[in-house]
2 protein chains.
Amino acid sequence: MQGVREAVAYGGLVELFATPRAAARHPELLDAAGVAGARVSMVTERAAAGLSQTSTPQGLVAVCPVLGVPAGSALRGARLAAVLVGVGEPGNAGTVVRVADAAGAGAVLFAGQTVDPHNGKCVRASAGSLFHLPIVVEPDPRHAVHACREAGLRVLAADGATGRDLDGAADDGTLEAPTAWLFGSEAHGLPRELLAAADGAVAVPLHGRAESLNLAAAAAVCLYASARAHRRRSAAQSPGAIT
Amino acid sequence: MQGVREAVAYGGLVELFATPRAAARHPELLDAAGVAGARVSMVTERAAAGLSQTSTPQGLVAVCPVLGVPAGSALRGARLAAVLVGVGEPGNAGTVVRVADAAGAGAVLFAGQTVDPHNGKCVRASAGSLFHLPIVVEPDPRHAVHACREAGLRVLAADGATGRDLDGAADDGTLEAPTAWLFGSEAHGLPRELLAAADGAVAVPLHGRAESLNLAAAAAVCLYASARAHRRRSAAQSPGAIT
């Protein structure tokens with residue numbers, strides 16, 4: 001529902017399929033879709049269920065243009081980016097897109113064997129954020145790292161095993177630089193050659209007895225640490241700043 | 001799998017049911033369960049599937065003691081706690097337990113109409129963390145708030161709508177106090193009377209166009225902001241600190 005609403009609001013809608021029941025429940029969405037120039041088609045409950053690939057369909061299915069823009073244009077001017085590397089679980093990938101959007105990232109890159117961003121579960125988990133910021137699909141993760149560096153971003157690998165402490169990186173100013181964060185899958189982490197290709201590795205500290213964090217939580221902590229560092233730096237550089 | 005392993009490792013296991021296939025695959029787990037004093041029983045694949053309530057059973061089902069300790073003893077000495085209020089989605093609740101454990105929280109409270117911590121999906125999402133730190137079940141959320149305050153914790157409501165900026169709370173030292181964070185459900189947030197009962201409300205800033213964060217990500221950002229503030233304060237107070 002949120003995804004359909006966002007697709008309409010941000011111009012990411014080509015066609016909207018609605019069941020009569022859903023149309024009666026959300027007339028404003030159908031109006032907005034029409035105003036936005038999208039075709040609106042009525043379908044049966046059964047057809048909607050088939051199209052939506054979910055066990056609890058809501059009677060609305062949005063058709064959107066293919067996601068994916070070139071890395072160069074997506075990263076232009078970005079001070080923060082998230083790079084998913086080999087993340088196969090669509091819910092995790094979509095949630096990281098939502099978190100990256102919230103933290104103010106300029107782009108998200110789906111690199112290597114990462115899930116297709118069009119996957120329905122990924123779209124739903126992103127809660128519309130897939131339509132908020134440029135999404136790049138780059139099958140070769142090394143190309144993704146290269147593109148980030150070309151765009152002036154420092155490439156930091158989020159890696160619990162080999163990384164230095166995130167708080168330390170915040171304290172010594174490392175996080176103030178424009179940064180692209182690399183996030184691997186929960187099961188496998190980041191491949192060794194990509195750790196070597198990054199400018200550094202950082203670990204979210206584990207203060208308790210948990211052996212790891214789930215991907216979205218780790219991404220949230222890392223991306224928000226960067227957002228905070230960027231904000232403090234901007235405040236310190238502004239003319240009236242009290243330092 | 002991780003849950004079973006943690007239950008064995010942390011003494012949270014009463015009985016272990018295993019299929020012959022799972023037993024052959026994880027002999028070390030069965031050994032460890034026996035050493036830990038748990039009864040080990042062989043079952044059919046069908047029985048294991050029925051017991052495990054999951055669509056992809058792994059052939060191992062652990063029986064654990066009932067979770068839930070009195071709030072007073074759970075919170076004794078805690079400098080950080082997470083209070084779930086009306087969180088009905090078991091995966092979200094379990095993930096917050098995992099995040100709270102990682103951030104070094106001393107306890108997690110399941111308050112109000114929050115899911116039963118024994119729910120299988122909650123246990124799995126916690127990745128063993130339900131056995132790492134005390135879990136309190138308190139049907140009346142006002143009692144939970146009261147217990148936190150009695151234990152010397154400042155009660156902060158995580159509330160995107162009414163809260164002040166988290167970074168501001170970190171900058172002005174608010175987060176250095178021992179803190180209990182209240183987290184509501186993604187759909188409904190925190191009830192108004194509980195916002196009024198808290199010592200303050202704090203919002204994770206939304207820098208992009210996302211309308212909200214998912215619960216586990218918001219909890220991760222809040223709890224880690226507290227952990228960082230506590231750590232800085234300890235460092236500043238230690239004899240050899242350079243401030």
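Where a number appears in this text, it was derived from the coordinates with a stated rule and is not lab data. Please read these numbers as outputs of a predicted model, since none were measured by experiment. Please note: Cβ atoms are built from the backbone with ideal geometry, for glycine as well, and neighbour counts cover all protein chains shown.
Here is how the numbers come out for the structure above:
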| read-out | value |
| --- | --- |
| Ranked A:166, B:206, criterion: other C-beta atoms within 10 Å, fewest first | B:206, A:166 |
| nm² value of the averaged projected area, convex hull over the Cα atoms of region B:2-63 | 3.6 nm² |
| Residue order, fewest to most beta carbons within 10 Å, for B:183, A:110 | A:110, B:183 |
| Rg to Rh, two decimals, where region B:97-165 supplies the alpha carbon set and Rh follows Kirkwood | 0.98 |
| Scattering profile of region B:71-237 at q = 0.18 Å⁻¹ [log10 I(q)/I(0), Debye over alpha-carbon scatterers] | -1.08 |
| Dimensionless Rg over Rh [region B:31-159; C-alpha; Kirkwood] | 1.03 |
| Charged-residue dipole, Cβ positions (Lys, Arg, Asp, Glu), region A:2-63 about Cα centre, Debye nearest 20 | 140 debye |
| Local electrostatic count at residue A:194 - Lys and Arg +1, Asp and Glu -1, tallied over other residues with Cβ under 14 Å | -2 |
| Mean residue ellipticity (222 nm) of chain A, computed from DSSP H runs ≥ 4 via -39,500 (n - 2.57), nearest 500 | -11500 deg cm²/dmol |
| C-alpha center-to-center spacing [region B:80-127, region A:13-86] in angstrom | 32 Å |
| Distribution of pairwise C-alpha distances over the protein assembly as shown, 20 Å bins, in % | 22, 54, 23, 1 |
| Residue order, fewest to most surrounding Cβ atoms within 10 angstrom, among B:154, A:21 | A:21, B:154 |
